[in-house]
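Everything below concerns the one structure shown next.
The values are calculated or read from the model by the stated rules, or taken from the named source; none is laboratory data. Here the structure is a predicted model, which is why all the values come from computation and not from measurement. FYI the Cβ positions are ideal-geometry reconstructions off the backbone, even for glycines, and counts take in every protein chain you see. Surface areas here come from the heavy atoms of the whole protein model, side chains and all, with no ligands, DNA or RNA. Shrake-Rupley method; radii C 1.70, N 1.55, O 1.52, S 1.80 Å.
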Amino acid sequence: MIDRGRSSSYIIVNIILAVILLLILIYSGLFSIEKINHPIHSAYSHITGDDTVSTGLSRAFSALIRGKFRQADIYNSHAKGIFLFFLSQLVFRIAFSFIVQKKPAWKKRIIRFDILQAVVLFLTAFFPFILYLKDSIL
Amino acid sequence: MAVQQKTNAGQGLGIAGLVLGILAIPLGLIPCTFIAGLIFGAIGIILGAVGFSQARNANGATGITTAALSVSIVGFCFALIWTMVVFSDKAPRWEKIRQKLENIESRSGDWEEDFEVEFEKEFGKDLEETLEELEDDLEDNMENIEKDVDKALKDLPDEEKAAKVGRAAGKALREFVDELEDTTQHE
């Protein structure tokens with residue numbers, strides 16, 4: 001009874017995150033690289049007037065979704081890693097939900113592996129941002 | 001002894017808090033989206049805390065609400081650090097401006113005298129006299145410009161006048177800001 005409740009919570013969280021990740025990809029695909037018409041603007045640049053480590057990320061995502069890898073690198077050199085992280089998480093959300101539904105006995109192991117892979121991949125993809133944050137504080 | 005079954009109390013809030021908390025971590029870490037991270041983190045903490053108290057009062061499972069609270073706090077902390085960095089005097093641009101002002105302040109005495117001497121050497125004229133001449137020229141020019149503008153706007157309806165004046169003011173302001181930026185960059 002409890003197990004089924006936990007499994008369903010895990011699947012619900014996975015589905016919501018998968019939808020959000022899909023929306024991020026759709027957002028990147030909808031808006032053009034050339035026109036720079038992305039509706040969400042950088043809060044940091046707006047306040048300080050300076051570029052930052054994440055400047056150009058939306059444009060780089062838009063370029064990556066169109067397969068323009070070199071152009072994406074010009075907009076933001078860290079975009080590839082972050083895009084790959086989001087993409088991998090989308091695949092994992094769908095895959096893990098499917099596996100947990102089919103094999104409820106594996107649920108605990110899958111959740112542990114999921115947390116571990118998400119943390120490791122997150123730290124790898126966002127490492128330049130963590131360094132930048134550290135440099136900004138010190 | 002009968003084992004008490006756990007209820008679903010607080011689970012909905014826990015799920016909502018967990019999702020917001022998970023989103024708050026990358027949003028809080030990315031400088032461009034730290035405000036969204038701050039909001040998501042704060043809402044995640046509230047939902048997680050309310051869900052946790054509901055779960056405890058009604059013998060519900062607290063795992064998901066604890067996870068929601070943890071990730072929301074992490075995301076909120078990242079965003080809070082960015083908020084402090086951006087709004088403190090450590091913000092890069094403000095720091096640069098502060099340093100420039102300090103430099104100008106520290107050498108302004110010698111700088112003025114040196115400039116007057118250099119000016120006289122270069123142009124063979126006294127700086128103050130030249131500035132007065134320039135001021136007179138500027139006044140004459142401004143009068144001429146006002147006359148030209150009045151003539152140009154005379155036959156236009158009010159809305160068009162307002163639009164033209166607005167555009168001209170915007171352009172002048174942009175040029176002024178560009179020049180100011182160029183000047184400070186040369187410092």
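What the table below lists for this structure:
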item: Size of chain A as Cα extents on the principal axes (Å, biggest first); result: 54, 38, 26
item: Angle in degrees between helix B:158-186 and the longest Cα principal axis of chain B, rounded to the nearest 10; result: 90
item: Solvent-accessible area lost in complex, 40 Å² minimum, residues of the range A:21-57 relative to chain alone, 1.4 Å; result: A:A43, A:Y44, A:I47, A:T48, A:D50, A:S54
item: Helix B:34-57 vs. chain B, principal-axis angle (Cα, 0 to 90°, nearest 10); result: 20
item: Compactness of the range B:1-49 - radius of gyration and Dmax, Cα, Å; result: 14.8, 56
item: Share of carbon and sulfur in the accessible heavy-atom surface of chain B [1.4 Å probe, %]; result: 58
item: For the range A:6-138, accessible area per residue (1.4 Å probe, heavy atoms of protein chains only), Å²; result: 57
item: Positive dipole terminus of chain A, leading residue within A:S97, A:T48, A:A63 (C-beta point charges); result: A:S97
item: Distant-in-sequence amide H partners of B:T7 (H built 1.01 Å from N, under 5 Å); result: B:G60, B:A61
item: Acute angle (nearest 10 degrees) that the helix A:107-125 long axis makes with the longest principal axis of chain A, alpha-carbon atoms; result: 10
item: 1.4 Å probe, heavy atoms, protein only - residues of the range B:22-47 losing at least 50 Å² accessible area vs chain alone; result: B:L29, B:I30, B:P31, B:C32
item: Computed magnitude of the charge dipole of the range A:2-138 (debye, nearest 20; Cβ of K, R +1, Cβ of D, E -1); result: 820
item: Peptide B:6-13 - average C-beta neighbours from other chains (10 Å radius); result: 2
item: Chain-alone versus full-assembly comparison, the range A:102-129, residues with accessible loss of at least 30 Å² (1.4 Å probe); result: A:F122, A:F126, A:F129
item: Mean Cα-pair separation over length for the range A:31-112, i.e. relative contact order, pairs under 8 Å, 6 or more apart, %; result: 19
item: Dimensionless Rg/Rh of the protein assembly as shown - Kirkwood Rh, Rg from C-alpha atoms; result: 1.18
item: Accessible area buried, both sides summed, chains A and B with 1.4 Å probe, Å²; result: 2600
item: For chain B, accessible area per residue (1.4 Å probe, heavy atoms of protein chains only), Å²; result: 69
item: Spatially proximal lysines relative to B:K100 (Cα-Cα < 28 Å; intrachain offsets below 8 disregarded); result: A:K134, B:K90, B:K121, B:K171
